[in-house]
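Engineer: My questions all concern the structure below.
Bear in mind these aren't lab numbers, they're just calculated from the coordinates by the rules spelled out. Bear in mind the structure is a predicted one, so any value in this text is a computation, not a measurement. Cβ coordinates were reconstructed from backbone atoms using ideal geometry, including for glycine residues, and neighbour counts include every protein chain displayed.
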Amino acid sequence: MVVQFRSAPSPGGLFAIDLYLSIQKVVGLLPGLYKYGPRSARLGMLRGADAVTAVRRAFSFPDELIAISNANVVFVLVLRPQKLMRKYGDRGVRYAFIEAGEITQNVHLAVTSLGFGSVECAGFYDADMLEAFGLDAGTNYVVHTIVVGVPPSG
């Protein structure tokens, strides 16, 4: 029997949060939209560079507030609630936010250790963000985003 571990806990080991990335400027990766595969610890490209613009447009604030256009990567946490609700009922949604918080904390710690800056952002249009990644709005919910980039000097 092979036991696989992850760096963030999940209620019942169900892992209802999927991690998607909008890569804009990362050495060794083509710009595009990716999904993280936790079993393989690899990124799989979903869409090319043109789709990155759709992610930027899905944010609901001007670029002057948080410079999405200058970000290196945007992490998008997507919940599939049916994974939790079949075991925990309506309470599963509560547990999903705890899981999302654990993942978010790990992203911030990793980003900081690499010398980058990160900011959490909940200002996005749900349907537009899901559409950018080609996800069904009936079974998926964007619960959070994390914008990562080089912090301004000073």
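Engineer: What spacing in nm lies between the two simple spin-label points modelled at Arg56 and Asp136, each 7 Å away from Cα in the Cβ direction?
Structural biologist: Taking the two extended label points, one gets 3.1 nm.
Engineer: Ordered by residue, what ³J(HN,Hα) values in Hz, to whole numbers, does region 129-144 give under the Karplus form 6.51 cos²θ - 1.76 cosθ + 1.60, where θ = phi - 60° and Gly and Pro are x?
Structural biologist: 5, 4, 4, 4, 8, x, 9, 6, 6, x, 10, 10, 9, 7, 9, 5
Engineer: Can you list the HN-Hα couplings for region 79-91, worked out from phi with the Karplus curve (6.51, -1.76, 1.60; θ = phi - 60°), rounded to whole Hz and with x for Gly and Pro?
Structural biologist: 9, 10, x, 4, 5, 8, 5, 5, 9, 10, x, 4, 5
Engineer: I've got another one for you. On full extension of the chain, what length is gained from Val27 through Phe97, given 0.36 nm per residue of separation minus the C-alpha to C-alpha distance?
Structural biologist: My answer for the length gained is 22.1 nm.
Engineer: Oh, and also: Can you work out the Karplus-derived ³J(HN,Hα) for every residue in region 14-19? Use 6.51 cos²θ - 1.76 cosθ + 1.60 with θ = phi - 60°, whole Hz, and x for glycine or proline.
Structural biologist: So the Karplus estimates, Gly and Pro as x, are 8, 6, 8, 9, 9, 10 Hz.
Engineer: Using a 10 Å cut-off around each Cβ, can you sort Lys35, Lys83, Lys25 from fewest to most neighbouring Cβ atoms?
Structural biologist: Lys25, Lys35, Lys83
Engineer: How many percent of all Cα-Cα pairs in the chain sit more than 29 Å apart? Present the calculation step by step, with values, prior to reporting the outcome.
Structural biologist: On the way: 1802 of 11781 pairs.
Cα-Cα pairs in the chain separated by more than 29 Å: 15 percent.
Engineer: Something else now. At a threshold of 8 angstrom on Cα-Cα distance, excluding pairs fewer than six apart, so keeping six or more, what relative contact order does the chain reach in percent?
Structural biologist: It rounds to 28 percent for the chain.
Engineer: Counting only the backbone N, which residues of region 132-154 are under 18 Å from the spot 7 Å out from the Cα of Leu109 toward its beta-carbon?
Structural biologist: 146
Engineer: A follow-up question, please. Could you give the length gained by full extension between Arg6 and Ala49, i.e. 0.36 nm per residue of separation minus their alpha carbon distance, to one decimal place? List each step's numbers first, then the result.
Structural biologist: Details: separation 43, 0.36 × 43 = 15.48 nm, distance 2.91 nm.
So the extension gain works out to 12.6 nm.
Engineer: Scan around Arg47 for amide H atoms under 5 Å from its own, H built in the peptide plane at 1.01 Å from N, and keep only partners 5 or more places away or cross-chain.
Structural biologist: It is Leu33, by chain and number.
Engineer: Once R0 is set to 30 Å, what does the formula 1/(1 + (r/R0)^6) return for the Cβ-Cβ distance between Asp128 and Gln82, expressed as a FRET efficiency to the nearest 0.05?
Structural biologist: 0.85
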